[in-house]
Amino acid sequence: MIFGSSGDFREKSNSYRAVGELRRLIFSGELAPGSDHLETELADRLGMSRTPVREAALMLEGQGLVEVRPRRGIRILPVSVSDMCEIYDILTELEALAARDAAARGYGAEDLLGLEKSIRDMARALEAEDREAWAAADDEFHRELVRLGGNRRIGAIQAMMADQVRRARAMTLYIRPVPVKSRDDHEAVLAAIRAGDAETAGRVHHAHRTHARDMLIGLLRRHHLHQL
């Protein structure tokens, strides 16, 4: 068996590192939506050569995060409103189904500790005015809800769409109203699951996701943070 050289391994390792670093810069907003960057600029910023940056950019293009333009550099793509509408439409229906299924499974108190913890973490984050911690706890609630629903394919779809949702939310996290309603909605979903009320769990979560979608899309449009 013939293995590649150590140089090839280092280049590949640098490419994956570049992917991680560029994703972090995009999701944090340090590389702003709609901004243009030369490979040399990004390579200097990451402390590596242009080759892994170019390879990373092609990977991120496949994920819908950037556009690679020959001889013109790399453009950070704005969030697409049409994409977000489609993603939220799917997540709304599938997570509402997960909420109904979770309520129908008759979980005991210990089974629901994960949901309870995420709601407590959301409350603490709001008290501390830490919106990033709130967002992390909110993500955890939705992942745990889908896990309790027991449908692994819903979990796979949710994970596949998580990046775009997280990116859009990061862009609007500090311009949205204080997310008290989100925590209250989660409390209501948990109460319905605890009571075994599948209809209420699904209905409340469906309304929660619909409200979140409408608010997010409105903020993206109002602050010109989107593409059509």
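The values are calculated or read from the model by the stated rules, or taken from the named source; none is laboratory data. In this text the structure is predicted, and so the values were computed from the model without any measurement. Reconstructed Cβ throughout: ideal geometry from the backbone, glycine too, with neighbour counts over all protein chains shown. Heavy atoms of the whole protein, side chains included, go into the accessibility calculation; ligands, DNA and RNA do not. Shrake-Rupley method; radii C 1.70, N 1.55, O 1.52, S 1.80 Å.
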message = Out of R45, R75, I need the residue that is in a helix (DSSP H, G or I) and touching a strand residue (DSSP E or B) at 6+ places or on another chain (Cβ under 9 Å). Which one?
response = R45
Within the range 172-191, tally of residues that are in contact (Cβ under 8 Å) with a residue 40 or more places away in the chain, within 21 Å of Y88 (Cβ to Cβ) and crowded, with 17+ Cβ neighbours inside 10 Å = 6
remark   = When restricted to G34, G20, G7, the only residue modelled with pLDDT under 85 and open to solvent by less than 60 Å² (accessible area, probe 1.4 Å) is G7
inquiry  = With the structure loaded, tell me whether Y107 is open to solvent by 10 Å² or more (accessible area, probe 1.4 Å) and under 22 Å from L219 (Cα atoms) or whether it fails that test.
reply    = no
task = May I ask you to say which residue of L126, L91, L115, L145 is in contact with a Phe, Trp or Tyr (Cβ under 8 Å, 6 or more places away or on another chain), aliphatic (A, V, I, L, M), in contact (Cβ under 8 Å) with a residue 60 or more places away in the chain and in a helix (DSSP H, G or I)?
result = L115
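Answer yes if at least one residue in the range 155-171 is part of a helix (DSSP H, G or I), over 30 Å from G34 (Cβ atoms) and open to solvent by 10 Å² or more (accessible area, probe 1.4 Å), and no otherwise. Let's see the steps before the verdict.
First pass over the range 155-171, keeping only residues part of a helix (DSSP H, G or I): 155-171.
Going one step further and asking which of them are over 30 Å from G34 (Cβ atoms), we end up with 155-156.
Of the ones still in play, those that are also open to solvent by 10 Å² or more (accessible area, probe 1.4 Å) are 155-156.
Yes; the residues of the range 155-171 include at least one that is part of a helix (DSSP H, G or I), over 30 Å from G34 (Cβ atoms) and open to solvent by 10 Å² or more (accessible area, probe 1.4 Å).
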